[in-house]
């Protein structure tokens with residue numbers, strides 16, 4: 001019987017454990033956006049979004065849309081967000097000056113493929129032959145720390161952490177950490193190191209679903225979400 | 001004579017766009033900050049062989065049903081698009097631009113978003129080219145000069161200029177000073193800097209002196225034409241608020 005994997009929310013929770021008080025964080029569209037719901041209490045994170053806003057509040061849910069949805073206050077995914085004290089706006093060139101200038105502490109990005117060297121590929125649509133580079137390439141090249149958040153395998157069961165990427169790269173050697181539904185992997189000059197595994201999983205079972213050769217950490221442990 | 005850049009209609013404000021012009025169009029992922037009425041006027045005006053520079057090519061997943069600059073593609077007015085996010089996120093509903101790009105009717109130059117923004121800013125700032133750390137080792141480096149500074153590779157990218165910039169702002173004074181509302185700002189200020197003729201579509205036009213000079217985002221000299229929006233749109237906006245909050249909501 002297939003073993004249980006972490007939910008998307010649990011992946012986001014594990015990523016959020018990497019945040020630190022005062023961090024400037026940029027969250028990609030999709031799974032990465034969920035991370036903002038799991039920031040430990042008392043910790044202040046300032047979110048940056050490509051479209052020129054720093055320090056915005058949470059995403060506006062359906063019940064609040066009548067009062068708070070406003071097309072002039074959205075995140076990079078086009079979702080309505082709440083205003084927050086201390087928030088500020090700036091134009092697109094300033095927004096990416098912040099990114100290239102090294103002001104983003106952590107970028108959490110979605111993943112299509114990651115190579116054993118820490119190359120990231122996430123901008124081509126699978127099977128369509130086209131894609132959007134968007135703002136992800138600047139983030140992958142220039143954020144201080146890049147964390148990938150994704151399911152460990154594709155919908156067809158193929159490994160996402162592979163020896164060499166088969167689709168165009170977002171950035172070479174950019175990944176610091178990969179958090180999946182079965183593992184936490186840290187990228188080092190020696191290769192990808194398996195640091196944590198989901199409950200009931202073994203290192204060899206994770207390796208079976210990973211094309212790249214994993215180095216097993218001496219202090220390998222179970223993923224802790226809180 | 002007092003300077004007055006106010007035009008009475010969107011049609012008049014784009015009447016002299018020539019075939020083959022390069023046009024900056026302010027836009028991002030959603031409808032905020034898109035000059036919808038100027039785009040419609042340009043569609044009706046009919047100039048062809050345009051080069052469109054914008055974050056998207058219109059009609060992407062989130063704006064599938066909006067008449068943004070996708071209508072310029074629909075009307076076959078575009079020969080080239082320079083964008084960072086040109087393709088629809090919905091595979092079942094490819095945008096007009098996507099179909100025309102894949103059919104070879106429209107040329108696409110895809111830029112990382114930060115490179116696109118800086119190319120636009122640089123063009124307006126008189127910087128002909130610059131080196132960016134974004135892109136070496138990816139498809140973006142093809143055909144570009146790569147140089148190493150302090151051991152790190154950089155790509156040379158060129159500044160972009162335009163004949164017209166169609167921008168969206170919140171308020172203008174009659175001299176052309178602009179302020180913006182929230183994330184509406186995005187590409188609009190830098191696009192205003194780099195065009196021979198910048199046309200601003202705004203919610204409100206006021207007299208000089210009514211906008212606090214400390215708060216002006218686009219200085220008047222960058223703006224040649226201003227048109228006020230009078231029609232209501234269906235998008236949620238609360239123009240009575242300016243997003244300043246003292247406590248978390």
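Derivation of every value follows stated rules applied to the coordinates shown; laboratory data play no part. Being a predicted model, the structure only gives us computed values, none of them experimental. All Cβ positions, glycine included, derive from the backbone under ideal geometry; neighbour counts span all protein chains shown.
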So what's the gap between the Cα centers of segment A:140-182 and segment B:174-249, to the nearest angstrom?
40
What does the highest-first list of B:29-41, B:3-15 look like by mean Cβ count within 10 Å?
B:29-41, B:3-15
Between 0 and 90°, nearest 10: helix B:36-45 axis offset from chain B longest Cα axis:
80
As a footprinting exposure proxy, order B:201, B:141 by other Cβ within 10 Å, with the fewest listed first.
B:141, B:201
Across peptide A:73-82, how many C-beta atoms of other chains are within 10 Å of each residue C-beta, on average?
6
Can you give me the relative contact order of segment B:10-228 as a percent, contacts being Cα pairs under 8 Å and 6 or more apart?
20
If you count the DSSP beta bridges with both ends in chain A, what percent of them are antiparallel, to the nearest 5?
55
So what is the calculated 222 nm ellipticity per residue for chain A, using -39500 (n - 2.57) for each DSSP H run with n of 4 or more, over all residues, to the nearest 500 deg cm²/dmol?
-4000 deg cm²/dmol
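Is the shape of segment B:10-228 best called rounded, prolate or oblate, per the rule: a/c under 1.5 gives rounded, else a/b larger than b/c gives prolate, else oblate, with a ≥ b ≥ c the square roots of the Cα gyration tensor eigenvalues?
In terms of gyration-tensor shape, oblate.
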In whole angstrom, how far apart do the alpha carbon centroids of segment A:45-100 and segment B:138-152 sit?
32
For peptide B:106-118, the mean count of other chain Cβ atoms within 10 Å per residue Cβ is 6
Considering chain A, what Rg and Dmax in Å follow from its alpha-carbon atoms?
17.6, 53
Taking all pairs of distinct Cα atoms, average 1/r, flip it, and tell me the Kirkwood hydrodynamic radius of segment B:107-249 in Å to one decimal place.
17.3
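Provide a whole-number value for the mean count of partner chain Cβ atoms within 10 Å of the Cβ atoms in peptide B:183-196.
Averaged over the peptide's residues, the number is 5.
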State the antiparallel share, in %, of DSSP beta bridges confined to segment B:92-249, rounding to the nearest 5.
45
If packing is taken as the mean number of other Cβ atoms within 10 Å per residue, what is the order of B:156-163, A:159-166, highest first?
B:156-163, A:159-166
Roughly what % of DSSP beta bridges within the protein assembly as shown run antiparallel, to the nearest 5?
40
Cα coordinate range in segment A:106-184, projected on the principal axes (Å, largest first)
32, 30, 18
Mean Cα-pair separation over length for segment B:108-249, i.e. relative contact order, pairs under 8 Å, 6 or more apart, %
22
Quick one: which of B:219-225, B:241-247 comes out on top by average Cβ neighbours within 10 Å, and what's the full order, highest first?
B:219-225, B:241-247
Along each principal axis, Cα extent of the protein assembly as shown, largest first, Å
79, 51, 46
Show that you can apply the helix-only estimate: for chain B, add -39,500 (n - 2.57) for every DSSP H stretch of four or more residues, divide by all residues, and state [θ] at 222 nm to the nearest 500.
-4500 deg cm²/dmol
